[in-house]
Amino acid sequence: MKRVVIAAFAAIIMGSAAYADTIKIGVVGPFSGPFALQGKNFKAGIDAYMAMNGTTVGDDTIEVIYRDLPAPDPAQSKALAQELVVKQRVQYLTGFYFTPDAMAVTPILKQANVPLVIMNAATSAIVTKSPFVVRTSFTTWQTSTPIAKVAHDAGVAKVISVVSDYGPGVDAENAFKAAFEKEGGQVVEAIRIPLSTNDFSPIMQRIKDSGAQGVFAFLPSGPTTLGFVKAYSENGLKDAGIKFFAPGDLTQESDLPALGDAALGIQTTFHYAVSHDSPENKAFVEAASKAIGSPAELSFPSVGAFDGMKVIYRMIEATGGEQDAEKAVNAVKGLSWTSPRGPVSIDPESRHITQNIYLREVTKADDGTYYNKEIQTFEKQGDPGLAAAR
Amino acid sequence: MQTFFSIAVDAFAYGMVLFVISIGLSVTMGLMRVVNLAHGAFAMIGGYIASYAAQSLGLGYAAAILLAVFGTVAISIPIERLLYRRIYGAPELTQVLMTIGITFCIIGIANYAFGPTLKTIPLPTALQGSADLGFRSIATHRIFAIVCGLVVAGALWYAIEKTAFGVKLRASVDNASMAAALGVRTEIIYAVSFAVAVGLAAFGGVLGAELLPVEPYYALRYMVTFLVVVSVGGAGSIPGALLACLLLGGIDTTGRYLMPEFGEFFFYLAVIAIICIFPRGLAGRVR
Amino acid sequence: MTEETVAVTARQSRSIGRDLLGIGAIISAAAIGYLLFPDNLALLTRIIAIALLVLSLDLVTGYCGVATLGHAALFGSGAYAAGIISAHYGIADPILMTLAGIVGGAAAGLVCGVIILRAHGLPQLVLSIALIYLFHEFANKASSWTGGSDGLSGISTDPLLGMFEFDLWGQTAYFFGVALLLAVLMLLRVLVRSPFGMLCRGIKEDPLRIIAMGASPKTALIKMYVISGAVAGVGGALNAISTQVVGLDSLSFTLSAESLVMLVLGGGGSLFGALTGTVVFMLFEDYVSAANPFHWLTMVGVLLIAVVLFAPKGLYGTAAGFVACRREKRP
């Protein structure tokens, strides 16, 4: 009985793909809740891509189905993915802001015959969990490694690292430490603070007492970052000449108006700045600003989503609308193109995106707004995190 | 020794900010016996109004605070009449359900109206920068928050313990029907205390915005902290709340300085220890 | 006195009838769910897992009057226990994993019970909040065991009874869940009607009188807490088995608060109230969040307010009261 039912389901799924004229893409992301801003950026990137490249591939019409997952919740993530695959019959799964949510979905990809294109989740190991995972965002290792060289070049020998105590924070701490020690520097202390920290004054005291010349920090964007950066300038660390290094999550564009002058001069390394100077980016920012409504809310997840759609469109082209996860993923291995963030390619082995990482400094524009000014480029960076995990 | 003083100053400043934000909740929970989980939502409304007034209307800081306090009270009046009045005296869990529902609605509306980004309230130049204490510097707005906290504590204590209104309030709380029989108009007393509590929430929301930035999820993010502080102090007691804020602020700050990795453990273990020793809170009245 | 006894027996026979009716209702609800949403069984399985958590919360909150906002500690401990024996020790039999969940949940129940029962009312609520944060932080720290904030992955599950595989379509998980729920529900019906269950209700009404009768409220409540932990552990294990991943969210304050909301929504102090609350809340949330992923929270808030205004005893409680009222009016 059970076999029959499964066979029937399988037949429906296969059958629907064969002469489907609508191809569904399921997007799982935080569209409400504390991280709603990032979900909004997913949608802006997707809308921008579809506005610029049309809503059809060949004869097939693309339909995007959104599912909300406000906070990391792997069980709910898996239930949503199952619903999207089994009930909505999506051919592609994408989105995923948080690592645990993406991890939870990887086991079903093979059986579902669905590729997963990750638009954000930044832990290196996700791509190893299933051969059907492609990632168009970045990894924390990828963005945190170059800043170590920047710190060393700035003549800083002793750094204290302060990270939030969760997966990405620990990743950032390890990445920075490995790269900085390779440069010959020393991490004098590595502090992990709880995610729910509100008052950062004691941490600033700790940094002062450690005698470090610079601080490396990684915290989730939003209130935590704001508190940390404000405390950094209010407690006199900025004036004392203690330099601030971080991956670009901390100075994402949507937080800059709130950070204000406190963030001026902070140097971060990241894969994308909204201010990136290229014709591709101009076109993207224009389309995405229109999609998101208020341009000040535009931030890095939008570009991950934009390129994610690029990859999915290529997959649909390659498979001619058939549901064939393996063929689809193979078609984008080694794919290279010019993204709004610069030249990128999908590494055939890891299926993670190879891209330029930029050093940026928070700068005040003539009109009084703040932006990340790109001042140095590290070309064609892969993901050092996978090698480190091995 | 210098480190000790430094931590003590941080702890004092943090504790006073906590006090300003949570004291309104102590009034609703302790004196009105409503488990008001929407307290953070009212603080958030205050923050949004102040931010809007300062950023878009270009008002000064003082004007923004006043507008925030009175605006939030004005918004809360229909909510009190239509919703809260139904749950005075209802079982605690019903109150939890109602106030969580109100919180969800306010979050949703704030998200829709103001978007999910952080909002700031620009400080006047007098409160920007930091003051030198000799052995360290401290942000000026924190000194301002400390002063405000002390003033609020003193005024509330005076109002509840020494004025005729305070006497009526305490009478209504202890025995509403008896107070009504003696000619106290409990409905008005409740409405006024509710307005005061909401006004304090808004005031705290604006004042604490430097530490707890205003965004739609403010209402839920810090709800637990407020609830913990008030209960540890003993709901309804002004000195208790003050003591709890300073104590918990001190433990939190020291823990985060000495062993940041275990900061959370310290805080909550301390909460458990305090409640196990003082099951009614530090200054809880025997009921 | 005799009149009262007669009333009690009448009520008892009526409630046994209602039991059969209830079990029938659940079986048919499960069948209807299966027929209506054959392609969304993952959601239904999740509802069952959460329903077990809410039932377990009902035991301590609805029946014993303990206020807690930290009940997910029991659920999460069960989930992690089941997940860890599979991911680290290779014990992948679903029945053994469920047993591990029961043990894990019961152990967490003992710890929580001993601490939470030291205070009453608001301080008790805060104790439970502190506990759930400690559990959460502990699981985050012990990342070599729990996977930390990345979640515990790598859980594999053998086919149930060696025959039915846990697959993408989730039929096995669903029927396994329904079977677990029915078994738990029948045991609980017996429990709440037993002298021990009555004792617990008595403690909720008047602890002083119970002491005067010579019983110890504390021991009884701790026992109830352990039982409640076992029930929540079943839910946690079901969650771990069906999704093959356990995240820190299963030990979160949010989940605790949500489960309390579901209980009050349905009506505490009755097993069917707990079930009704869970099903209504989860289906409503699923529906509105799919309909409008961006602004659904407001709708959930409106639902909660509406329930307090129009059904103050909870959905099931108010409905049951309405039926009882009509019955009494009849001669």
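The values are calculated or read from the model by the stated rules, or taken from the named source; none is laboratory data. All of these numbers come straight from a predicted model, not from anything done at the bench. Heads up, the Cβs are rebuilt from the backbone with ideal geometry, glycines too, and the neighbour counts pull from every protein chain shown.
A few remarks follow.
- Against the conditions (1) in contact with a Phe, Trp or Tyr (Cβ under 7 Å, 6 or more places away or on another chain); (2) aromatic (Phe, Trp, Tyr); (3) more than 8 Å from chain C (Cβ to nearest Cβ), A:Phe98 satisfies every one except (1).
- Checked across segment C:264-272, the condition of being in contact (Cβ under 8 Å) with a residue 60 or more places away in the chain, in a helix (DSSP H, G or I), closer than 25 Å to C:Thr68 by Cα and of a type outside the set (Gly, Ala, Ser) holds for at least one residue.
- Test: B:Thr99 is out of contact with any strand residue (DSSP E or B) (no Cβ under 7 Å at 6 or more places or on another chain), touching a residue at least 24 places away in the same chain (Cβ under 8 Å) and within 30 Å of C:Ala311 (Cβ to Cβ): yes
- Selection of segment B:78-95 for residues being touching a residue at least 40 places away in the same chain (Cβ under 8 Å) and touching a helix residue (DSSP H, G or I) at 6+ places or on another chain (Cβ under 7 Å) yields B:Glu80, B:Tyr84, B:Ile87, B:Tyr88, B:Gln95.
- Counted residues, segment A:379-390 - those being crowded, with 17+ Cβ neighbours inside 10 Å and either in a strand (DSSP E or B) or in contact with a Leu (Cβ under 7 Å, 6 or more places away or on another chain) (or both): 1
- Here C:Leu168, C:Leu161, C:Leu181 are screened, and the one residue that is within 23 Å of the chain's Cα centre (by Cα) and either not β-branched (Val, Ile, Thr) or not assigned by TED's automatic domain parsing to the domain that holds C:Ile32 (or both) is C:Leu181.
- Flag if A:Ala240 is within 11 Å of another protein chain (Cβ to nearest Cβ), over 26 Å from the mean Cα position of the chain (by Cα), assigned to a loop (DSSP other than H, G, I, E, B) and not aromatic (Phe, Trp, Tyr): yes
- Of everything in segment B:71-103 that is surrounded by fewer than 22 Cβ atoms within 10 Å (Cβ to Cβ) and small (Gly, Ala, Ser), the residue that is nearest to the other protein chains (Cβ to nearest Cβ) is B:Ala90.
- Taken over segment B:115-126, the residue count meeting the criterion of being surrounded by 17 or more Cβ atoms within 10 Å (Cβ to Cβ) and outside any loop (DSSP other than H, G, I, E, B) is 1.
- Answer from C:Leu263, C:Leu283, C:Leu315, C:Leu309 - the residue that is of a type in the set (A, V, I, L, M), within 23 Å of C:Val54 (Cα to Cα), modelled with pLDDT of 80 or more and crowded, with 21+ Cβ neighbours inside 10 Å: C:Leu263
- Within segment B:129-166, tally of residues that are within 11 Å of chain A (Cβ to nearest Cβ) and within 23 Å of the chain's Cα centre (by Cα): 5
- Helices (runs of 4 or more DSSP H) (entirely within segment B:178-287) containing at least 3 residues that are away from chain A (no Cβ under 12 Å) and farther than 26 Å from B:Ala145 by Cα: B:186-207, B:263-277
- Subset of segment A:170-223 (residues that are within 14 Å of chain B (Cβ to nearest Cβ) and of a type in the set (Val, Ile, Thr)): A:Val170, A:Ile191, A:Ile193, A:Thr197, A:Ile203, A:Ile207, A:Val215
- Pairs with Cβ under 7 Å, 6+ apart, first in segment A:285-301 and charged (D, E, K, R), second outside any helix (DSSP H, G or I): A:Glu297/B:Gly115; A:Glu297/B:Thr117
- Residue within segment C:92-111 that is more than 19 Å from C:Val231 (Cβ to Cβ), of a type in the set (Asp, Glu) and within 14 Å of chain A (Cβ to nearest Cβ) present: no
- Looking only at segment A:130-149, and only at residues there that are surrounded by fewer than 24 Cβ atoms within 10 Å (Cβ to Cβ) and farther than 20 Å from A:Ala175 by Cβ, the one that is nearest to the other protein chains (Cβ to nearest Cβ): A:Ser130
- Elements of type helices (runs of 4 or more DSSP H) contained in segment A:100-181, each with 2 or more residues being over 27 Å from C:Thr243 (Cβ atoms) and either at pLDDT 90 or above or not acidic (Asp, Glu) (or both): A:140-153
- Matching residues in segment A:113-146 - criterion: being without any contact (Cβ under 8 Å) to a residue 60 or more places away in the chain and closer than 21 Å to A:Glu326 by Cβ: A:Leu116, A:Ile126, A:Lys129, A:Ser130
- The number of residues in segment B:29-53 being at pLDDT below 90 and in a helix (DSSP H, G or I) comes to 3.
- Of the residues making up segment B:9-32, those that are over 10 Å from the mean Cα position of the chain (by Cα) and either closer than 11 Å to B:Gly208 by Cβ or of a type outside the set (D, E, K, R) (or both) number 12.
- Some residue of segment C:240-247 being crowded, with 24+ Cβ neighbours inside 10 Å and over 22 Å from C:Ala79 (Cβ atoms): no
- Selection of segment C:124-156 for residues being away from chain A (no Cβ under 13 Å), touching a Lys or Arg at 6+ places or on another chain (Cβ under 9 Å) and surrounded by fewer than 24 Cβ atoms within 10 Å (Cβ to Cβ) yields only C:Gln124.
- Residue-level check: of (1) touching a strand residue (DSSP E or B) at 6+ places or on another chain (Cβ under 6 Å); (2) farther than 22 Å from A:Tyr97 by Cα; (3) touching a residue at least 40 places away in the same chain (Cβ under 8 Å); (4) of a type outside the set (Ser, Thr, Tyr), A:Gly320 misses just (1).
- Filter result for A:Ser275 (among the small types (Gly, Ala, Ser), farther than 30 Å from A:Gly334 by Cα and surrounded by fewer than 24 Cβ atoms within 10 Å (Cβ to Cβ)): no
- Among the residues listed as A:Ala36, A:Ala44, A:Ala79, A:Ala75, the single one being without any contact (Cβ under 8 Å) to a residue 12 or more places away in the chain, in contact with a helix residue (DSSP H, G or I) (Cβ under 8 Å, 6 or more places away or on another chain) and buried (at least 24 other Cβ atoms within 10 Å of the Cβ): A:Ala79
- Given (1) touching a Lys or Arg at 6+ places or on another chain (Cβ under 9 Å); (2) surrounded by 20 or more Cβ atoms within 10 Å (Cβ to Cβ); (3) away from chain A (no Cβ under 14 Å); (4) touching a residue at least 40 places away in the same chain (Cβ under 8 Å), number of the condition B:Val173 does not satisfy: (2)
- Checking each residue in segment A:49-61 for being crowded, with 17+ Cβ neighbours inside 10 Å and either over 18 Å from A:Asp307 (Cβ atoms) or at pLDDT 90 or above (or both) picks out A:Tyr49, A:Met50, A:Asp60.
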